[in-house]
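Data block below; observations after.
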Ligand SMILES: Nc1ncnc2c1ncn2[C@@H]1O[C@H](COP(=O)(O)OP(=O)(O)OP(=O)(O)O)[C@@H](O)[C@H]1O
Ligand SMILES: [Mg+2]
């Protein structure tokens, strides 16, 4: 009986009104529209404009220069290398932090979260200057070391790759910790107990069970850190003191000093391509091992 | 047979003595002692929060006990890490590794023991056949039904020939039919492999069906430990009598003797002939347990040691049996159970009910 009623009602229904799901889709689209529009104006349009600039006069000249020019290649691989080191350092330092946050008692977890979040909320510029104060030749660390007689002359901590790495890891660590923490919260603790009960020593529990189960978080955090590292500007600029070259600095140089917009645009597009590639690679890693 | 129906001639594999465990102010285990013999199936039965899981975790090593001692095959394992205990455990939610296939899940304990690859494959195949999951090895746990996951968990916990198998309410998530068939399967597997087993449930029927012995737990203590029939027929406390099976609980005191039996005056005023052990005769207050299936309809007061006229309050038809509530002249209400459909009696019907002196049990007053 219901069947006949439904069949009878259908032609009328199809003519006048959208299905329930259809109406919701319309509503969601309307709600998303302002955000999408903003992104289109402030991001997509400039990006397209950059792309146009990079193909000045419809030629690939800038790209040829980017690819063949020794400087860009060197800086590009240097950037990738630094980004990789930063990502690995964040993973090694951040994974235990995330585990601590996910398993500690309420009080400790709150305290730990604050420790991670507070710097995250502080201005990037302020934190970078803070590192300059800490790492400089007359900085706190060197003063302590020299004062204690551990070293004769101040250690070169600032204006070199070491300083840049320290600053970048510090700034980017929360970006690794949060996604991993979120995944760890959802991992069933009895799985680890079960593995242990079945005879697995702790390192095997970690290797066989916990790491694979938290890999989606590692992939997400790693993607964020790596991609943000590729385009990092302020921290390498200030802590590197002009001695550590990264792509963002090179691009700024092209625009600010050489006024070579076409060249800068081509470099930007190459960077964007590298970022998309890195993203796809991490995505694959995360998906293949997803539980 | 020892009073607790002890592990008898079987060599004890597991011996827990005076185990105590607190969580802050909560006492989860209060001096629990338990021995389990080789190949024996012991069930921990008790209401929620009685400490069953805590005891199981203590045996498996996932919780440290504050006091007491746990021995496995004569060896003190109180402080041994779980990985070295060689105990198989089936968790209530199965705890299958979601990222590993069924075969890899089952292979896990063997891999951890360094068993050779070929031997692992052979044993995984063998146990898959045993739990009737041949051909399922390549699936992921989430691609299995609840009952199948249950069997994988059982296979994983038994494939390495554990010295002891622990199961924490393994069937509570299954529907009734599947639960019943899994109960039978578990019992077969357990007997076939000769597995010493500690099983946790709060389902008294399940406990009575499966166990060699039952430990009834309440408030972190074992209230009674014994064979299923002993638990049912000779409950050691009011709690056990009420928790295992249905019971009419009566209170009274010894008021004399009648025809070789003790005569008990109930608080309701009724007087009963009861078989009491000599020790209980002198006691003051008595707690009596009368199982509903022990009460019968009578045609004549001479047919039983105790006979009372009663009025039917209600009749419940339960399929395989019928339950009646009747009220005696004193106002005392009793539950009576008969096999089969039973007579369809209308409320208000007057009948004679009765039982013999040996049908009623005394338990210590508390
Ligand atoms: N991790 C814990 N922290 C604090 N209290 C706990 C913890 N685990 C158990 N308890 C308490 O210990 C007591 C015994 O718990 P347990 O889990 O052993 O009960 P159970 O008999 O298994 O109950 P159920 O049938 O509900 O599973 C309960 O009062 C419980 O609240
Ligand atoms: Mg429990």
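Return only the number of the condition from (1) crowded, with 16+ Cβ neighbours inside 10 Å; (2) at pLDDT 90 or above; (3) closer than 30 Å to residue A:265 by Cβ that residue A:77 does not satisfy.
Result: residue A:77 passes all but (1).
On the basis of being under 16 Å from residue A:175 (Cα atoms) and without any contact (Cβ under 8 Å) to a residue 12 or more places away in the chain, does residue A:90 make the cut? First the steps, then the outcome.
Values: under 16 Å from residue A:175 (Cα atoms): yes; without any contact (Cβ under 8 Å) to a residue 12 or more places away in the chain: no.
When the stated conditions are applied, residue A:90 does not pass them.
Can you pull out the residues in segment B:137-148 that are in a helix (DSSP H, G or I) and more than 13 Å from chain A (Cβ to nearest Cβ)? Write out each step before concluding.
Just the residues of segment B:137-148 that are in a helix (DSSP H, G or I), to begin with: B:141-143, B:146-148.
Across segment B:137-148, the qualifying residues are B:146, B:147, B:148.
What residue, among those in segment B:87-110 that are more than 8 Å from every other protein chain (Cβ to nearest Cβ) and in contact with a strand residue (DSSP E or B) (Cβ under 8 Å, 6 or more places away or on another chain), is farthest from residue B:39 (Cα to Cα)?
B:92
Any residue at all in segment A:185-194 that's away from every other protein chain (no Cβ under 14 Å), touching a helix residue (DSSP H, G or I) at 6+ places or on another chain (Cβ under 9 Å) and in contact (Cβ under 8 Å) with a residue 60 or more places away in the chain?
Let us first name the residues in segment A:185-194 that are away from every other protein chain (no Cβ under 14 Å), namely A:185.
In the following step, the residues that additionally are touching a helix residue (DSSP H, G or I) at 6+ places or on another chain (Cβ under 9 Å) were identified as A:185.
Now restrict to residues that are in contact (Cβ under 8 Å) with a residue 60 or more places away in the chain: A:185.
Yes: one or more hits.
Going through segment B:185-205 one residue at a time, which ones are away from ligand 2 (no atom under 16 Å from the Cβ) and either touching a helix residue (DSSP H, G or I) at 6+ places or on another chain (Cβ under 6 Å) or within 14 Å of chain A (Cβ to nearest Cβ) (or both)?
Taking segment B:185-205 and keeping what is away from ligand 2 (no atom under 16 Å from the Cβ), we get B:185-197, B:205.
Selection gives B:187, B:197.
Going by the conditions given, is residue B:326 over 19 Å from residue B:358 (Cα atoms) and assigned to a strand (DSSP E or B)?
On the way: over 19 Å from residue B:358 (Cα atoms): yes; assigned to a strand (DSSP E or B): yes.
Yes: the conditions hold for residue B:326.
Of all residues being under 30 Å from residue B:140 (Cα atoms) and buried (at least 18 other Cβ atoms within 10 Å of the Cβ) in segment A:241-285, which is nearest to the other protein chains (Cβ to nearest Cβ)? Just the residue, please.
Ranking the candidates gives A:282 first.
Considering only segment B:28-61, state which residues are surrounded by fewer than 19 Cβ atoms within 10 Å (Cβ to Cβ) and either within 14 Å of another protein chain (Cβ to nearest Cβ) or within 16 Å of ligand 2 (Cβ to nearest atom) (or both).
Those that are surrounded by fewer than 19 Cβ atoms within 10 Å (Cβ to Cβ) and either within 14 Å of another protein chain (Cβ to nearest Cβ) or within 16 Å of ligand 2 (Cβ to nearest atom) (or both): B:47, B:48, B:49.
Testing residue A:201 on (1) within 14 Å of chain B (Cβ to nearest Cβ); (2) touching a helix residue (DSSP H, G or I) at 6+ places or on another chain (Cβ under 8 Å); (3) surrounded by 20 or more Cβ atoms within 10 Å (Cβ to Cβ), one condition comes back false. Which one is that?
(3)
Just the residues that are more than 14 Å from every other protein chain (Cβ to nearest Cβ) and crowded, with 17+ Cβ neighbours inside 10 Å, please, taken from segment B:157-184.
Matches in segment B:157-184: B:171, B:174, B:179, B:182, B:183.
Is it fair to say residue B:325 is within 33 Å of the chain's Cα centre (by Cα) and at pLDDT 90 or above? So that I can check it myself, show each step before the final result.
Values: within 33 Å of the chain's Cα centre (by Cα): yes; at pLDDT 90 or above: yes.
In short, yes.
Please determine, by comparing only the residues of segment A:131-181 that are in contact (Cβ under 8 Å) with a residue 60 or more places away in the chain and assigned to a loop (DSSP other than H, G, I, E, B), which one is surrounded by the most Cβ atoms within 10 Å (Cβ to Cβ).
Here the residue is A:158.
What number of residues in segment B:16-27 are more than 14 Å from chain A (Cβ to nearest Cβ) and near ligand 1 (Cβ under 9 Å from one of its atoms)? Let's see the steps before the verdict.
Restricting attention to segment B:16-27, the residues satisfying the condition of being more than 14 Å from chain A (Cβ to nearest Cβ) are B:16-22, B:25-27.
If we keep only those that are near ligand 1 (Cβ under 9 Å from one of its atoms) too, we end up with B:21-22, B:26-27.
Residues that pass the stated criteria total 4.
Taking only segment B:215-230 into account, find how many residues are within 16 Å of ligand 2 (Cβ to nearest atom) and under 8 Å from the mean Cα position of the chain (by Cα).
2
Let's see how each residue does on (1) modelled with pLDDT of 95 or more; (2) more than 16 Å from ligand 1 (Cβ to nearest atom):
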residue	(1), (2)
B:84	no, yes
B:94	no, no
B:97	yes, yes
B:103	yes, yes
B:108	yes, yes
B:122	yes, yes
B:126	no, yes
B:129	no, yes
B:135	no, yes
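So is residue B:154 within 14 Å of chain A (Cβ to nearest Cβ) and assigned to a strand (DSSP E or B) or not? Lay out the reasoning, then the answer.
On the way: within 14 Å of chain A (Cβ to nearest Cβ): yes; assigned to a strand (DSSP E or B): no.
The answer is no for residue B:154.
Among the listed residues B:84, B:123, B:142, identify the single one that is out of contact with any helix residue (DSSP H, G or I) (no Cβ under 6 Å at 6 or more places or on another chain) and closer than 30 Å to residue B:27 by Cα.
On the way: B:123 fails: closer than 30 Å to residue B:27 by Cα; B:142 fails: closer than 30 Å to residue B:27 by Cα.
When all the criteria are applied, what remains is B:84.
Only one of (1) surrounded by fewer than 16 Cβ atoms within 10 Å (Cβ to Cβ); (2) at pLDDT below 90 is not met by residue A:92, so which one is it?
Failing condition for residue A:92: (2).
If you go through segment B:111-136 one residue at a time, how many are under 12 Å from residue B:151 (Cα atoms) and either surrounded by 14 or more Cβ atoms within 10 Å (Cβ to Cβ) or within 9 Å of chain A (Cβ to nearest Cβ) (or both)?
First, the residues of segment B:111-136 that are under 12 Å from residue B:151 (Cα atoms): B:127-134, B:136.
Now drop any that are not either surrounded by 14 or more Cβ atoms within 10 Å (Cβ to Cβ) or within 9 Å of chain A (Cβ to nearest Cβ) (or both), which leaves B:127-128, B:130-131, B:133, B:136.
Residues in segment B:111-136 being under 12 Å from residue B:151 (Cα atoms) and either surrounded by 14 or more Cβ atoms within 10 Å (Cβ to Cβ) or within 9 Å of chain A (Cβ to nearest Cβ) (or both): 6 in total.
Across segment B:309-322, which residue is nearest to the chain's Cα centre (by Cα) among those that are modelled with pLDDT of 90 or more and surrounded by fewer than 18 Cβ atoms within 10 Å (Cβ to Cβ)?
Residue satisfying both the conditions and the ranking: B:313.
Would you please list the contacts, defined by Cβ atoms under 7 Å and residues six or more apart or on different chains, that run from a residue in segment B:167-182 that is farther than 14 Å from residue B:201 by Cα to a residue that is within 16 Å of ligand 1 (Cβ to nearest atom) and in a helix (DSSP H, G or I)?
Qualifying pairs under 7 Å: none.
So which residues in segment B:171-203 are under 23 Å from residue B:15 (Cα atoms), part of a loop (DSSP other than H, G, I, E, B) and within 16 Å of ligand 1 (Cβ to nearest atom)?
B:202
Would you tally the residues in segment B:62-86 being facing another protein chain (nearest Cβ under 9 Å) and surrounded by fewer than 16 Cβ atoms within 10 Å (Cβ to Cβ)?
Of the residues in segment B:62-86, the ones facing another protein chain (nearest Cβ under 9 Å) are B:62, B:81-86.
Adding the requirement that they be surrounded by fewer than 16 Cβ atoms within 10 Å (Cβ to Cβ) leaves B:81, B:84.
Going through segment B:62-86 one residue at a time, the tally reaches 2.
The values are calculated or read from the model by the stated rules, or taken from the named source; none is laboratory data. Here the structure is a predicted model, which means the values were calculated and not measured. Virtual Cβ from ideal backbone geometry, glycine too; neighbours counted across all protein chains shown.
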